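I have placed the structure first, in the form of structure tokens, so that the comments after it can refer back to it.
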Amino acid sequence: MTGLKTPRALGILAFRLTIGWVFLFAGVEKLFLSGHAFDASKFLQFGTLGTAAGAAEGAIVNPTHQFWVDLAGNPAAMNVVNFLVPFGQVAIGLALILGLATRFAGVMGALMMAFIGIASWDFANGVVNYHAVLAISSLILPVIAAGEVYGIDALVDETPIVKRAPALRYVLG
């Protein structure tokens with residue numbers, strides 16, 4: 001990308017680093033700072049009732065609630081979830097901070113936030129909430145090729161492997 005020292009480039013870098021930090025810290029907190037092993041089952045059982053403006057206290061407003069409760073009751077599935085959530089957050093965060101496989105990391109970040117947003121179904125204050133903002137922000141990063149601005153993707157783009165297999169650029173940028 002040309003003009004790397006422009007305010008636009010610095011803004012893209014700051015945006016990518018901020019979104020990356022949010023994911024990285026969430027994963028590191030689950031893995032090392034909580035004082036116990038991460039377990040999503042309680043959230044899936046009790047945190048998926050959902051919220052909506054005007055809904056009665058304790059009312060189930062999330063149409064996907066039973067799916068999450070059933071998932072929480074499946075030990076094999078929970079082993080996968082309990083690994084993928086913190087690992088995914090750390091991997092997405094590091095990839096975004098480094099600017100490596102930014103398109104892939106951005107899409108995976110948006111997908112993770114979409115799943116968490118659907119599970120929590122938190123619409124008491126409207127449809128624009130933390131999960132939606134983070135999902136949309138994660139999707140913007142691939143669109144603007146944020147990894148090519150002060151990122152490793154810019155270097156990887158120039159390697160012979162990527163030049164021979166241009167389809168790899170779908171995960172870079």
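The values are calculated or read from the model by the stated rules, or taken from the named source; none is laboratory data. Computed from a prediction, not measured in an experiment: that's the story for all the values here. FYI the Cβ positions are ideal-geometry reconstructions off the backbone, even for glycines, and counts take in every protein chain you see.
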Output the number of residues of the range 118-138 satisfying the condition of being crowded, with 18+ Cβ neighbours inside 10 Å and under 11 Å from the mean Cα position of the chain (by Cα). 5
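In this structure, does P160 turn out to be over 30 Å from A52 (Cα atoms) and either out of contact with any helix residue (DSSP H, G or I) (no Cβ under 7 Å at 6 or more places or on another chain) or free of Cβ contacts under 8 Å to residues at least 24 places away in the same chain (or both)? So that I can check it myself, show each step before the final result.
Values: over 30 Å from A52 (Cα atoms): yes; either out of contact with any helix residue (DSSP H, G or I) (no Cβ under 7 Å at 6 or more places or on another chain) or free of Cβ contacts under 8 Å to residues at least 24 places away in the same chain (or both): yes.
Against the criterion (over 30 Å from A52 (Cα atoms) and either out of contact with any helix residue (DSSP H, G or I) (no Cβ under 7 Å at 6 or more places or on another chain) or free of Cβ contacts under 8 Å to residues at least 24 places away in the same chain (or both)), P160 qualifies.
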Which residue pairs have Cβ atoms under 7 Å apart, sit 6 or more places apart or on different chains, and have a first residue in the range 56-80 that is among the aromatic types (F, W, Y) and a second that is at pLDDT below 95? W68/T48
Report, ordered by the first and then the second residue, all pairs with beta carbons closer than 6 Å, sequence separation of six or more or different chains, a first member in the range 82-107 that is under 9 Å from G151 (Cα atoms), and a second member that is among the basic types (K, R). L96/R16
Filter the range 100-136 down to residues that are assigned to a helix (DSSP H, G or I) and in contact with a strand residue (DSSP E or B) (Cβ under 9 Å, 6 or more places away or on another chain) and give me whichever is farthest from A40 (Cα to Cα). Y130
